[in-house]
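The values are calculated or read from the model by the stated rules, or taken from the named source; none is laboratory data. Everything numeric in this text was worked out from a predicted model, so none of it was measured. Cβ: placed from backbone, ideal geometry, glycine included. Neighbour counts: every protein chain shown. To get the accessible areas, we keep the full protein, side chains included, count just its heavy atoms, and leave off ligands, DNA and RNA. Shrake-Rupley method; radii C 1.70, N 1.55, O 1.52, S 1.80 Å.
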Amino acid sequence: MTAQSADRQPVIVLSVIGAPGPELSSVAGVLARHYEGEVLMLSDLAALRASTTPAIAAAVRDTSDPLGYIPGPLACRMMRSAVLSRSADTLVLNGYPATAVPAEHLLNVLRALPGHTFAVLELAPDKSTLRRALLPPTPGPLTPGWRNTASPTPGLPARYRQRAPMLRFVLERHGVRRHVAESHLPLAELLDVADNAFGHLLPERTPERAAS
């Protein structure tokens, strides 16, 4: 059953996307605390279910893709389940969706929730950060997977740059609010950016919290 109960607030979903890195988790956590929401991160969901679901345990163990953690169909089903069984009416998605297909699937899930709102904050790395992430920092070619054996720092494959435009296209085609901010900004500034871009999405909830 996907319909919301009559006494439940419409869900607000804020997605923090961008090149994989610690900035995503930091910003997602700050936004969740600020908006009194719940953080959903695919790797955390997978870890919770790996102990009881062999297919997920195998996918987590064998993954070589930092953008997806587990195969697409499994990822979509897990995020759908997490959204529908949410413990808060404001959700902050950490690094999800990372590609166009999960974005389409998530939009289909949200369409079944009356009055939902979906917005995206994209953290764009500066050129020097992106260059360090995409190129081997020491001599030696990248392996066929995504890890660079010449350095302990993982390198990101060129397919990350190929996926991002298609994801943006899907979001724009469906009219999803998307705001871009520089990932190297201090957390306080990023929170201000999010407030300016998305703060108006929660205007009617603050009085209810104050009264409770």
Discussion item. Filter segment 3-22 down to the residues that are modelled with pLDDT of 80 or more, touching a Pro at 6+ places or on another chain (Cβ under 8 Å) and either within 21 Å of Ser81 (Cβ to Cβ) or assigned to a helix (DSSP H, G or I) (or both) and list them by number.
Written reply: Pro10, Ser15, Ile17
Item to complete: Hey, can you tell me all the residues within segment 35-60 that are more than 19 Å from Arg77 (Cα to Cα) and crowded, with 20+ Cβ neighbours inside 10 Å?
Response: Tyr35, Gly37
Practice prompt. List the helices (runs of 4 or more DSSP H) that sit entirely inside segment 157-212 and contain at least 2 residues that are open to solvent by 80 Å² or more (accessible area, probe 1.4 Å) and modelled with pLDDT of 80 or more.
Written response: 158-173, 187-198
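Report whether or not Ala32 is closer than 16 Å to Val11 by Cβ, open to solvent by less than 40 Å² (accessible area, probe 1.4 Å) and modelled with pLDDT of 90 or more. Break it down stepwise before answering.
Working: closer than 16 Å to Val11 by Cβ: yes; open to solvent by less than 40 Å² (accessible area, probe 1.4 Å): yes; modelled with pLDDT of 90 or more: yes.
Criteria met by Ala32.
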Practice prompt. Output the number of residues of segment 73-105 satisfying the condition of being within 13 Å of the chain's Cα centre (by Cα) and within 17 Å of Gly18 (Cα to Cα).
Written response: 11
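Of the residues Tyr96, Tyr69, which single one is at pLDDT below 90 and of a type in the set (Phe, Trp, Tyr)?
Values: Tyr96 fails: at pLDDT below 90.
Within the list Tyr96, Tyr69, the selection yields Tyr69.
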Fill in: Residue within segment 129-145 that is aliphatic (A, V, I, L, M), within 27 Å of Ala32 (Cβ to Cβ) and at pLDDT below 85 present
yes
Worksheet entry | Restricting segment 78-124 to residues that are open to solvent by 20 Å² or more (accessible area, probe 1.4 Å) and touching a Ser or Thr at 6+ places or on another chain (Cβ under 7 Å), the residue that is farthest from Glu38 (Cα to Cα) | Ala124
